[in-house]
1. For the chain, find the longest principal axis of its Cα atoms and tell me its angle to the long axis of helix 295-319, 0 to 90°, nearest 10.
2. With axes computed from alpha carbons, what is the tilt in degrees of helix 197-207 against the longest principal axis of the chain, rounded to the nearest 10 within 0 to 90?
3. Relative to the longest principal axis of the chain, what angle (0 to 90°, nearest 10) does the C-alpha long axis of helix 117-135 take?
4. Which of His280, His207, His229 ends up with the largest GNM mean-square fluctuation for the chain, with Cα atoms connected below 10 Å?
5. So what does Ser221 come to for accessible area, using a 1.4 Å probe and Å² rounded to 10?
6. How many angstrom separate the Cα center of region 110-169 from the Cα center of region 282-340?
7. Rounded if a/c is under 1.5, else prolate if a/b is larger than b/c, else oblate: which is region 176-280, with a ≥ b ≥ c the root eigenvalues of its Cα gyration tensor?
8. Using 0.36 nm per residue of separation minus the Cα-Cα distance, give me the extension gain between His226 and Thr35 in nm, one decimal.
Amino acid sequence: MDTDLPDLITLTQLRQIASPMPQPYRVHVQVDSRTEKLTSTGSPFLEVKLADGGDSLVWRLFDSNPIFNEARSLTRGASIEIMAQWVDTGKYGIEPRHPQMRVLTDEEKQALIGGDPELLARQRVDYADIESFVAAIRDPRLRGVCSLFLERHGERFKRTAAARENHHARRGGLVEHVAQMMRCAVAIVGAYPHLNRDLIVAGVLFHDCGKLWENSYPENSFAMPHHLHGEMLGHITLGLELVNKLWRDLMERPESAEWATMEPAGEHVRLHLLHLIASHHGELQYGSPVLPKTPEAIALHHVDNIDAKLEMLRRGYQNSKELAPGIFERFRPWPVNIIAPLASVPEPVVPVVEDEALALE
């Protein structure tokens, strides 16, 4: 390896360290899209959306750029290295100055698709937590339908985003979203023990399961395609259909005979689970076909909203321009400028006394 080359970093790291002063770095990225446009004077320029496992970036090239024609030939899905002096321009975001571009080797492409090791490690922990929450469900019917989902669709689940733009909009983002929602939901059940923990955990797992056919990535790409089922039906309708299919398949298994006399009845349990999926957007104008009508449905809607909004704020603090100390520029779809959070008072440090006699004194 050439030790004189600039450091290889991810797009997330680039966002965190970019400044108005040029800094030399390399990034390995995949081309999500390439669009040719015209300036107000009629000159051509390119907008190339670049993506890796954790983030994306729009690169604008004008016809005066020495590699304009080279970039013009880029196709969606191309895996490339860009070595440049990276600058945060403020108005136009981060851009590479004096860029050099090359196609990645097969080995480098595999490493890129593998993703940022730090992000992947967090997502593995999140997925393991989801499995643990599911295993702790006491109702065998809810545990069974959740386990069947993970068994059949776990790999697709791991490469699905929670959204296209607003929150957890990255490969594996849905796993992150669901895991954190489960932690939050279980904490709320601790404060409101009348809530049905089994039902709300299952509802969290399935509330966005239709996004596996709306926001999923191919196995070897960071370019999220549009899926016909997702466009025509939407993730809530797809989620209802999926749960009904899994439930029917579960009830055909031999062990389901043992549940025939369980209370509450299985049909009632299924209906409550479907209600959580149908109502989780909370309002009709936001796409829910029905409003939340049970305690678990209300809790699930707010847990979903909390996690989505806190993730948007996290990205805002990371990516938005600081207008003044502690004041960050608004970002889409947030309606106002955001303010830096108040730091917590640190825990008091208790000195460790090794001498037992001194400790008694």
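The values are calculated or read from the model by the stated rules, or taken from the named source; none is laboratory data. Fair warning: this is a prediction, and the values are worked out from it, not measured in the lab. Quick reminder, even Gly has a Cβ in these numbers, built from the backbone with ideal geometry, and neighbours come from all protein chains shown. All accessible areas refer to the heavy atoms of the entire protein, side chains included, with ligands and DNA or RNA removed. Shrake-Rupley method; radii C 1.70, N 1.55, O 1.52, S 1.80 Å.
1. Computed tilt is about 20 degrees.
2. Around 40 degrees separate the two axes.
3. 10 degrees
4. His229
5. 20 Å²
6. Cα centroid to Cα centroid, the span is 22 Å.
7. oblate
8. Here the answer is 67.0 nm.
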